[in-house]
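The values are calculated or read from the model by the stated rules, or taken from the named source; none is laboratory data. These numbers were taken from a predicted model, which means no experiment stands behind them. FYI the Cβ positions are ideal-geometry reconstructions off the backbone, even for glycines, and counts take in every protein chain you see.
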Amino acid sequence: MSQASSDSNLDVASLVENVNLRRVGQYTLVVFFLGFFFVPLETGIMTALKTNEGVARSLPFAPPVGESVTLSNLQFALERLSSSFVNSLLMAIPATILNVLLASMAAYGLTMVSWRGQIGMLSLFLVGVFVPYQAVLVPLSRFWNNIFPLADMLEPTFALIPLLQGYHSQLVPLIITHVAYGIPICTILFRSYYKGMPNSYVEAAKIDGASITKIYRRIVLPISKPMFGVVFIYQFTQIYNEFLFSFTLITGSNAAAAPVTLLLPAVGASTSGIDYGIRMSAAFLAALPTIILYVAFAEQFAKGLRTESG
């Protein structure tokens, strides 16, 4: 009997010795942060699937039961946001593509090509990163609406393009603004990536007589694919979720060209109050394009971050 008890004591003692307190602490932190991030997500999903009465009568994180279960919130939100989804994508996709391409070329010229005035130009890019949105809203509005009304000029042309409407011309000033405002930070990101690249390929191409353009197209551009994924995700998310420029250049949420960020605050609101189920459904639908983008470019995003940190 005493032998059995001593053996069990030894087993318990060896088990305690094998427990790594540091690892226990790490797993505890992981579980805590998983709960911290996923509980609000679960609460939002549960709210989106409830009627307004179900939201009022149940706990936010409790699943819907009985008559409180509904899919009409998603249907209503989708119908309300469908046109604004198109507007946001028509604005964000071309602006992001132009941003990434121009920033990559600018970073290449500021990193791998030596020319006079390079430091001064880099300083201008750095200054552009720190210019706040609020400082340019009034000049921006006066420029696009009074001095150079580009949207009004392009409206007849857009009306003739298949699958587009005349009011989509209002997105062109927004696209140009986002490209101009996003190039500095994207250039800095690309430059930090190019600074860590080996120069042996570029030097070998120069010895072979390749031009600056050919070196960029044949060598630098293919190697930059991981960083393209990082910058594309970052800039698309910034442009798609942006509110101030859209609010300044497009007159209100009732405008036909309003992107999803302008329309979202009005979804689910009425004189009788706010329907939180509809509003939460609209929020999840509005976030869907960025989620799809993260999933599609996840591999390139991870490679870009790993390469940059290395």
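Side notes on the structure shown:
- Residue in the range 32-67 that is nearest to Gly268 (Cα to Cα), counting only those that are among the charged types (D, E, K, R) and in contact with an Asp or Glu (Cβ under 9 Å, 6 or more places away or on another chain): Glu53
- When the range 108-137 is filtered for residues that are within 15 Å of Val179 (Cα to Cα) and either more than 21 Å from the chain's Cα centre (by Cα) or not assigned by TED's automatic domain parsing to the domain that holds Leu189 (or both), the ones remaining, listed by number, are Phe125, Val136.
- Condition met for Ile176 (part of a helix (DSSP H, G or I) and either surrounded by 19 or more Cβ atoms within 10 Å (Cβ to Cβ) or touching a Lys or Arg at 6+ places or on another chain (Cβ under 8 Å) (or both)): no
- Conditions (1) within 21 Å of Ala95 (Cα to Cα); (2) part of a helix (DSSP H, G or I); (3) modelled with pLDDT of 90 or more; number of the one not met by Pro156: (1)
- Subset of the range 197-254 [at positive phi and within 26 Å of the chain's Cα centre (by Cα)]: Gly252
- Residue within the range 223-236 that is of a type in the set (D, E, K, R) and in contact with a Ser or Thr (Cβ under 8 Å, 6 or more places away or on another chain) present: no
- Residues of the range 110-121 satisfying the condition of being in contact (Cβ under 8 Å) with a residue 24 or more places away in the chain and in a helix (DSSP H, G or I): Leu110, Thr111
- So Val230, is it within 30 Å of Glu53 (Cβ to Cβ), among the hydrophobic types (A, V, I, L, M, F, W, C) and crowded, with 22+ Cβ neighbours inside 10 Å: no
- Per-region count, the range 243-286, residues of a type outside the set (Val, Ile, Thr), surrounded by fewer than 16 Cβ atoms within 10 Å (Cβ to Cβ) and either under 23 Å from Leu71 (Cβ atoms) or without any contact (Cβ under 8 Å) to a residue 60 or more places away in the chain (or both): 9
- Residue in the range 180-194 that is in contact (Cβ under 8 Å) with a residue 40 or more places away in the chain, small (Gly, Ala, Ser) and assigned to a helix (DSSP H, G or I) present: yes
- When we screen Ala106, Ala95 for residues that are under 28 Å from Ile239 (Cα atoms), in contact with a His (Cβ under 6 Å, 6 or more places away or on another chain) and modelled with pLDDT of 90 or more, the only hit is Ala95.
- Of residues in the range 51-103 being part of a helix (DSSP H, G or I) and among the β-branched types (Val, Ile, Thr), the one farthest from Phe243 (Cα to Cα): Val55
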